[in-house]
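Read through the structure below, which is laid out as structure tokens, and then see the notes.
The values are calculated or read from the model by the stated rules, or taken from the named source; none is laboratory data. Just so it is clear, the model here is predicted, and its values are computed rather than measured. All Cβ positions, glycine included, derive from the backbone under ideal geometry; neighbour counts span all protein chains shown. The area values use the complete protein model at the heavy-atom level, side chains included, leaving out ligands, DNA and RNA. Shrake-Rupley method; radii C 1.70, N 1.55, O 1.52, S 1.80 Å.
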Amino acid sequence: EADRLAFAEKYGISNAIDPPQQAKLYRRHGDKLRSKGLFDAAIAAYQRSMTISQSDPEAFAGLGAAYMGQGKNEAAISAFQKALELAPNHYWSRRLLGNAYLNLQRYALAADELTQAFMLNPQDTHLLLGIALGQGRSGDTEQALRTLEMLLSRTEDLQQRTDAELLRLEFSQDTP
């Protein structure tokens, strides 16, 4: 698809491609660039996709992920929020929005978004660690400890278990 897009741009015939298909091609091109760490180019591709079609939540989610890759969490939040306006149950937008809030230490907002992502995909135990972090660091240490217990009961992953134990130690010290 990237070859098709490059060919069309090279020969100035990109207008011959159906606009919804053209927007999709730019979004997918952005996805490939983002996966290679080429965030500036990915952002440009996503923005090009969005000038053609403002209705693709995947383009906004990709844009947000590219901004996060640059450390621009505020811009990422705006992109994820737009994706969620278009598709309220968009799992990746919820998950990444929660992570952007964690990066900015907005812990209560992070816990809320990650909880909503977990409700959409309860098999993803990685979310429980972020939820507990958000809960505990925003002052709800009792709920954070319950969330960590849930995580420990659901995973055998050594890294998750180690991280959960460290958080449990931190939040246990905060509990009277």
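Odds and ends about this structure:
- The label point for residue 18 and the one for residue 55, both projected 7 Å from the Cα toward the Cβ, are 1.3 nm apart.
- Working ranking of peptides 65-73, 161-169, 110-118 by packing, defined as the average number of other Cβ atoms within 10 Å per residue, highest first, is 110-118, 65-73, 161-169.
- Candidate values (1) -0.70, -0.93, -1.34; (2) -0.60, -0.82, -1.38; (3) -0.69, -0.84, -1.12 were compared with log10 I(q)/I(0) by the Debye sum over Cα atoms at q = 0.13, 0.15, 0.19 Å⁻¹ computed on the shown model; the agreeing label is (3).
- The radius of gyration of the Cα set in segment 111-176, together with its Dmax, comes out at 10.9, 33 angstrom.
- Dipole axis of the chain (+1 Lys, Arg; -1 Asp, Glu on Cβ), positive-most option in 38, 77, 102: 38
- The accessible-area ordering, largest first, of the residues 40, 56 stands as 40, 56, per a 1.4 angstrom probe.
- Relative contact order, percent, the chain [alpha-carbon distance under 8 Å, six or more residues apart]: 11
- The largest accessible area among 126, 90, 29 belongs to the first residue in 126, 29, 90, and the rest follow in falling order (1.4 Å probe, all chains).
- Annotation: residue 93 carries an accessible surface of approximately 0 Å², with a 1.4 Å probe and no ligand, DNA or RNA atoms counted.
- CD proxy at 222 nm, helix term only [per DSSP H run n ≥ 4: -39500 (n - 2.57); per residue of the chain; nearest 500]: -25000 deg cm²/dmol
- Phi angles across segment 72-83 convert, under the Karplus curve 6.51 cos²θ - 1.76 cosθ + 1.60 with θ = phi - 60°, into 3J(HN,Hα) values of 9, 5, 5, 5, 4, 4, 4, 5, 5, 4, 5, 4 Hz, Gly and Pro given as x.
- 25, 109, ranked by accessible area, largest first (probe 1.4 Å): 109, 25
- Dipole check for the chain: with +1 at the C-beta of Lys and Arg, -1 at the C-beta of Asp and Glu, and the Cα centre as origin, the magnitude is about 580 Debye.
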